[in-house]
1. With touching a strand residue (DSSP E or B) at 6+ places or on another chain (Cβ under 8 Å) and either assigned to a loop (DSSP other than H, G, I, E, B) or buried (at least 22 other Cβ atoms within 10 Å of the Cβ) (or both) as the only criterion, which of 231, 221 stands out?
2. Looking at (1) touching a residue at least 24 places away in the same chain (Cβ under 8 Å); (2) part of a loop (DSSP other than H, G, I, E, B), find the lone condition where residue 302 falls short.
3. Could you list, in sequence order, the residues of the stretch 138-187 that are assigned to a helix (DSSP H, G or I) and either surrounded by fewer than 17 Cβ atoms within 10 Å (Cβ to Cβ) or at pLDDT below 95 (or both)?
4. From the list 35, 12, 62, exactly one residue is touching a strand residue (DSSP E or B) at 6+ places or on another chain (Cβ under 9 Å), under 22 Å from residue 328 (Cβ atoms) and touching a residue at least 12 places away in the same chain (Cβ under 8 Å). Which is it?
5. Looking at residue 311, is it assigned to a helix (DSSP H, G or I) and in contact with a helix residue (DSSP H, G or I) (Cβ under 8 Å, 6 or more places away or on another chain)?
6. Among the listed residues 103, 97, identify the single one that is in contact with a strand residue (DSSP E or B) (Cβ under 8 Å, 6 or more places away or on another chain) and surrounded by fewer than 19 Cβ atoms within 10 Å (Cβ to Cβ).
7. Examine the stretch 278-290 for a residue that is in contact (Cβ under 8 Å) with a residue 40 or more places away in the chain, farther than 14 Å from residue 141 by Cα and not in a loop (DSSP other than H, G, I, E, B), and state whether such a residue exists.
8. Tell me yes or no: at least one residue of the stretch 119-133 is in a strand (DSSP E or B) and buried (at least 24 other Cβ atoms within 10 Å of the Cβ).
């Protein structure tokens, strides 16, 4: 049986305060937390009316007028930050001033605008003794976790080639328009982090991009093709096509996310159900292995990425608090994903493969 979902944390009663009240909070994270039995006690955001609406909808007892009021609540132990990446560092600094009672931070991905800024967040949390986890939630998609189980069990042997092919149209948040960074920072980061989860850190990455005809604001990374080169010979690639053809302009559409991993002893293929949201469309996996010759195995499950997987990242943080361990997606680990994103942007600029250690070297830190 494949482990497609994580076990529940040892403790669920840590008091969580949420900063932010947008769609992801309202319809995804809080739905997942409620289903998992987590203890959300307070909410605040810049949009006070929206926060009050979310509090009433999701049964949150305390709705504060300001973020600072929430942080001053001595009962809050964990802060869940759901703000755009350009605002995250300032909010983290505000949270850390209340480290007398706040023990942990759950931060959105991307953790920051770039590796250097993310490193500043990680080091500030470490210095304050506050545990940091990053909401790289695709790691908790059920097929992604099932694939990881296959790799760890040895059913596929040594991985040779991994691919993720996305033909889907994201909804770009308004704040993305001011970044000059689009697909790599906001969407490809999921796939780059998934490759790290499956295979570890690559040695180098080569990225190529062109503009998306549908995205009208200025950008350089619309459609993005990335190739990850591992020092042991493994190759992984992500084809992140946010155009998918004129599917919104009158042509018939073909929208999907597929992945495939080939190993020396087997192979696995799967799909990601996210493009079907708000319909509940579970992700899938099917695999073949020399251990069970001449058959395909295709387990199924009822859970879906949106919203069910979002209980996983917070659950990992609660488990870390309960046991004194490091979260599965801790801040220090996530620096490697931020370095990979930065390496992709440098590859776009310089038209060459870029090693991850080049990004770390710019800030005098080893990965």
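1. On the way: 231 fails: touching a strand residue (DSSP E or B) at 6+ places or on another chain (Cβ under 8 Å).
From the options 231, 221, the qualifying one is 221.
2. (1)
3. Passing the criteria: 149, 152, 153, 174, 175, 176, 177, 178.
4. Details: 35 fails: touching a strand residue (DSSP E or B) at 6+ places or on another chain (Cβ under 9 Å); 62 fails: under 22 Å from residue 328 (Cβ atoms).
Step by step, each of 35, 12, 62 is checked, and only 12 is touching a strand residue (DSSP E or B) at 6+ places or on another chain (Cβ under 9 Å), under 22 Å from residue 328 (Cβ atoms) and touching a residue at least 12 places away in the same chain (Cβ under 8 Å).
5. Numbers: assigned to a helix (DSSP H, G or I): yes; in contact with a helix residue (DSSP H, G or I) (Cβ under 8 Å, 6 or more places away or on another chain): yes.
Here the answer is yes, as residue 311 does meet what is asked.
6. Values: 97 fails: in contact with a strand residue (DSSP E or B) (Cβ under 8 Å, 6 or more places away or on another chain).
On inspection, the qualifying residue turns out to be 103.
7. yes
8. Initially, the stretch 119-133 is screened for residues in a strand (DSSP E or B), giving 131-133.
Now drop any that are not buried (at least 24 other Cβ atoms within 10 Å of the Cβ), which leaves 132-133.
Yes: the stretch 119-133 contains one or more residues that are in a strand (DSSP E or B) and buried (at least 24 other Cβ atoms within 10 Å of the Cβ).
The values are calculated or read from the model by the stated rules, or taken from the named source; none is laboratory data. Since the structure is predicted, the reported quantities are computational estimates derived from the model, not experimental observations. FYI the Cβ positions are ideal-geometry reconstructions off the backbone, even for glycines, and counts take in every protein chain you see.
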